[in-house]
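Visitor: I have a structure I would like to understand better, so I am pasting it below and will then ask my questions one at a time.
The values are calculated or read from the model by the stated rules, or taken from the named source; none is laboratory data. Because the structure is predicted, anything quoted here is derived from the model rather than measured. Heads up, the Cβs are rebuilt from the backbone with ideal geometry, glycines too, and the neighbour counts pull from every protein chain shown. All accessible areas refer to the heavy atoms of the entire protein, side chains included, with ligands and DNA or RNA removed. Shrake-Rupley method; radii C 1.70, N 1.55, O 1.52, S 1.80 Å.
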Amino acid sequence: MTRDPARRVAVWTVVVGAVVFVAVAAWLVPWDPVPGGSLPTISADSVFTADQIERAEHYARWARVWSWSALVVSLAVAFWLAFSRRGRALFARLPGPWWVQVVLAVAVVQVVGRLAILPLSIAARQLSLDNGLSAGSWGAYAWDQVKSEAIAIVVTSLALLVLIGCARRWRRAWPAITGGLLGCLVLVGSFVYPVVVEPVFNNFESLPDGDLRTEIFALADEEGVEIDDVLVADASRRTTTLNAYASGFGNTRRVVVYDTLVETLPRDQALSVIAHELAHARHRDVVIGSVLGAAGAVLGVGALALALGALARRRLPSAAEPAVVPVVLALVALATLVTAPVQNGISRKIETRADVEALHATQDQRAFVGLQRKLALRSLADPTPPAWSQFWFGSHPTALKRMALAERVAGDSSRSPAPLRRGPSPPSPEADYQRATSRSSP
């Protein structure tokens, strides 16, 4: 049996990626963001009425049915395309030079996967429409899906072209070279995402002059965060939910709020949202996510190389063959699901820190609690999701946890001798990096 020539390099690529990931996470992720330790439990019926709880649980129950069913179907289709005899035969017959075959293979996997879950996606959107969470026509929804799919094909094709091209050029060293290049692409993608991808789906305008804009810039000045502008996205074309997020870095860094939020929230609650996003900017949370994403890309390529080496012994395509595309995408989909608790666990810690900073900055517990209650009601968020589901898929703390945090921080602030305001952040070595595929939302 022929030994995989890239195996040793793949092992070291995994080791380097893992060491960098663990080191960055240990250094920069706020692992204990809650002052005073674990939070007390707040009962849902102390915050929401019985009807509100029932409606949220009903919506969440069916939303999980459609989303989890789509997850199962998409994985099943990906693995059928990658490992069944008919699936392999389909990709073995693609025309053109190797790089054309790669793009065609990516397009086939993406389109077939999307069509397979289309009935479930339609059912999920109909559920949102029935509950008043979605807006816009079915035509606009379909156009958004087309644009999303086109972007996914372009980005995925670029990554696969790098991987297969390196494997064809460097038979032994390709895992390390590919890992480094894809890590760089994560960082570059994070920089260009706000100005290239976001405008495809939304139009952005500066928040108009007025009291809210003035107070936002005053709050940013107090917190030592430089912002050139606050942008309003025309999200009401497709949703009625309230949201905001931070993305980009350097001259592409932006704080974006949905127009639904600006038009419906009272000023004190809107400032609470902005304070949360300013906390992300102050701590360079998007940067932290980018560095972790880059390290994860290096680790992932090494693990992928080991998996492909093992599968090659079963007469499956090698990393240098275009027919390996569905195999790679199936393994990536599985790895994304398996590692979701790590990614979401880190996200919850970072979001909790941003909540703490927002409460310190505004000194307004009532506005924060009112905001969390309104966000939960507008999005029909399950106040008490299954513990395992929250652990696996929850990127943010639950509304009840965030309300308990507000009580904790308010109690600590009342015992402090002076208001808790934050000055400028010290220089940070990660300041030139940023996360490629993430948004920070309230």
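Visitor: Could you give the C-alpha radius of gyration of the stretch 285-326 expressed as a fraction of 2.2 N^0.38 Å, taking N as the number of residues it contains? Kindly include the intermediate steps, with their values, before the conclusion.
Guide: Numbers: Rg = 13.8 Å, N = 42, 2.2 N^0.38 = 9.1 Å.
Its radius of gyration relative to the 2.2 N^0.38 Å reference: 1.52.
Visitor: I would also like to ask the following. Normalised radius of gyration for the stretch 243-333, please: alpha carbon Rg relative to 2.2 N^0.38 Å, two decimal places. Walk me through the intermediate numbers first.
Guide: Details: Rg = 21.0 Å, N = 91, 2.2 N^0.38 = 12.2 Å.
So the stretch 243-333 has a normalised radius of gyration of 1.72.
Visitor: How big is the accessible area of HIS360 in square angstrom, nearest 10, if you roll a 1.4 angstrom probe over the protein chains?
Guide: About 20 Å², ignoring ligands and nucleic acids.
Visitor: Another question about this same structure. Just want to confirm a number: the relative contact order over the stretch 270-359, from Cα pairs under 8 angstrom separated by 6+ residues, in percent.
Guide: 54 percent
Visitor: So, one more: Using only the alpha carbons of the stretch 10-52, determine the length spanned along each of the three principal axes and report them from longest to shortest in whole angstroms.
Guide: Principal extents (largest minus smallest coordinate, Cα): 55, 27, 11 Å.
Visitor: Using protein chains only and a probe of 1.4 angstrom, how many square angstrom of PHE393 are accessible, to the nearest 10?
Guide: 80 Å²
Visitor: While we're on this one: Quick check: pseudo-label points 7 Å beyond the Cα along Cα→Cβ at ARG7 and ASN202, how many nm apart are they?
Guide: Taking the two extended label points, one gets 4.9 nm.
Visitor: Further question on the same structure: Could you give each residue of the stretch 86-97 its phi-based ³J(HN,Hα) in whole Hz, using Karplus coefficients 6.51, -1.76, 1.60 with θ = phi - 60°, and x for Gly or Pro?
Guide: After applying 6.51 cos²θ - 1.76 cosθ + 1.60, I find 5, x, 5, 5, 4, 7, 6, 9, 5, x, x, x Hz.
Visitor: Across every pair of different alpha-carbon atoms, what Kirkwood hydrodynamic radius in Å does the stretch 181-320 reach?
Guide: Every distinct Cα pair counted, the radius reaches 17.3 Å.
Visitor: Right, something else. What does the helix-only formula give at 222 nm for the chain: each DSSP H stretch with n ≥ 4 adding -39500 (n - 2.57), the total divided by the residues, and the result rounded to the nearest 500 deg cm²/dmol?
Guide: Calculated at 222 nm, the ellipticity per residue is -22500 deg cm²/dmol.
Visitor: Still on this model: So if I average 1/r over every pair of distinct C-alpha atoms in the stretch 41-82 and take the inverse, what Kirkwood radius in Å does that give?
Guide: Its Kirkwood hydrodynamic radius stands at 12.5 Å.
Visitor: In terms of Cα to Cα distance under 15 Å, which aspartates and glutamates are near enough to LYS349, apart from those fewer than 8 places away along the same chain?
Guide: Within the straight-line cut-off, LYS349 pairs with ASP32, GLU277, ASP285, GLU357.
Visitor: On C-alpha positions alone, give me the angle between the axis of helix 365-379 and the longest principal axis of the chain, in degrees, nearest 10.
Guide: Approximately 50 degrees, to the nearest ten.
Visitor: Pop out the carbon and sulfur fraction of the accessible area of the stretch 292-390 as a percent, whole number, probe 1.4 Å. Display every interim value, and only then the final one.
Guide: Numbers: 2360 of 3890 Å².
The C+S portion of the solvent-accessible surface of the stretch 292-390 is 61 percent.
Visitor: Please state the charge dipole magnitude for the stretch 23-67, taken about the Cα centre, from unit charges on C-beta atoms (+1 on K and R, -1 on D and E), reported in debye and rounded to the nearest 20.
Guide: 180 debye
Visitor: Taking each pair of distinct Cα atoms in the stretch 54-123 once, what is the resulting Kirkwood hydrodynamic radius in Å?
Guide: Working: mean 1/r = 0.0726 Å⁻¹.
With all distinct Cα pairs of the stretch 54-123 included, I get 13.8 Å.
Visitor: Now for a separate question. If I fit a long axis through the Cα atoms of helix 50-83 and take the longest principal axis of the Cα atoms of the chain, what angle between them do I get, 0 to 90°, rounded to 10?
Guide: 20 degrees
Visitor: Next question. In whole angstrom, note down how far apart the Cα centers of the stretch 157-197 and the stretch 211-270 are.
Guide: Answer, in whole Å: 33.
Visitor: Regarding the stretch 4-142, what whole-number volume in Å³ per residue does the convex hull of its Cα atoms give?
Guide: 233 Å³
Visitor: Still on this structure, please answer the following. Kirkwood Rh over alpha-carbon pairs of the chain, then Stokes-Einstein at 25 °C and 0.890 mPa s: what D in µm² s⁻¹, rounded to an integer?
Guide: It comes out at roughly 104 µm²/s.
Visitor: Here is a follow-up. Ordering ASP4, ASP268, ASP209 by how much accessible area each has at a 1.4 Å probe, largest first, what is the list?
Guide: Greatest to least solvent exposure: ASP209, ASP268, ASP4.
Visitor: Ok, one more. List the trypsin sites (Lys or Arg not before Pro) within the stretch 1-62 that DSSP assigns to loop and that have no more than 16 neighbouring Cβ atoms inside 10 Å.
Guide: On the way: sites: ARG3, ARG7, ARG8, ARG55, ARG61; in loops: ARG3.
When the trypsin sites (Lys or Arg not before Pro) of the stretch 1-62 are filtered for loop state and at most 16 Cβ neighbours within 10 Å, ARG3 remain.
Visitor: Another question about this same structure. In percent, how large is the relative contact order of the chain, given Cα pairs closer than 8 Å and 6 or more residues apart?
Guide: 29 percent
Visitor: Suppose all protein chains stay in the model; what accessible area per residue would a 1.4 Å probe give for the stretch 8-143, in Å²?
Guide: Solvent-accessible surface per residue comes out at 58 Å².
Visitor: What is the ratio of the Cα radius of gyration of the stretch 269-414 to 2.2 N^0.38 Å, where N is its residue count, to two decimals?
Guide: The reported ratio for this selection is 1.40.
Visitor: Another question about this same structure. Rolling a 1.4 angstrom probe over the protein heavy atoms, how many square angstrom per residue are accessible across the stretch 268-399?
Guide: 36 Å²
Visitor: Moving on. Under a crude label model (7 Å from the Cα following the beta-carbon direction), how far is ALA76 from ARG55 in nanometres?
Guide: That separation, rounded to one decimal, is 3.4 nm.
Visitor: Taking a probe of 1.4 angstrom, what is the accessible area of VAL77 in Å², to the nearest 10?
Guide: VAL77 has an accessible surface of roughly 30 Å² with all protein chains in place.
Visitor: Here's another thing I want to ask about it. Working with all protein chains in place, sort TYR258, TYR245 by solvent-accessible area computed with a 1.4 Å probe, largest first.
Guide: Working: TYR258 35, TYR245 5 Å².
Output order, biggest surface exposure first: TYR258, TYR245.
Visitor: For the stretch 1-63, state which chymotrypsin sites (Phe, Trp or Tyr not before Pro) are in a DSSP loop and have at most 16 other beta carbons lying within 10 Å of their beta carbon.
Guide: TRP31
Visitor: Relative to the longest principal Cα axis of the chain, at what angle does helix 340-362 sit, 0 to 90 degrees, rounded to 10?
Guide: Rounded to the nearest ten degrees, it is 20.
Visitor: Keeping every protein chain in place, order GLU226, GLU205 by accessible area at 1.4 Å, biggest value first, i.e. largest first.
Guide: Numbers: GLU226 155, GLU205 135 Å².
The residues order as GLU226, GLU205, largest area first.
Visitor: Which loop trypsin sites (Lys or Arg not before Pro) in the stretch 300-404, with loop taken from DSSP, have no more than 16 other Cβ atoms within 10 angstrom of their Cβ? Working shown, then result.
Guide: Working: sites: ARG313, ARG314, ARG315, ARG348, LYS349, ARG353, ARG366, ARG373, LYS374, ARG378, LYS401, ARG402; in loops: ARG313, ARG314, ARG315.
Loop-located and lightly packed - ARG313, ARG314, ARG315.
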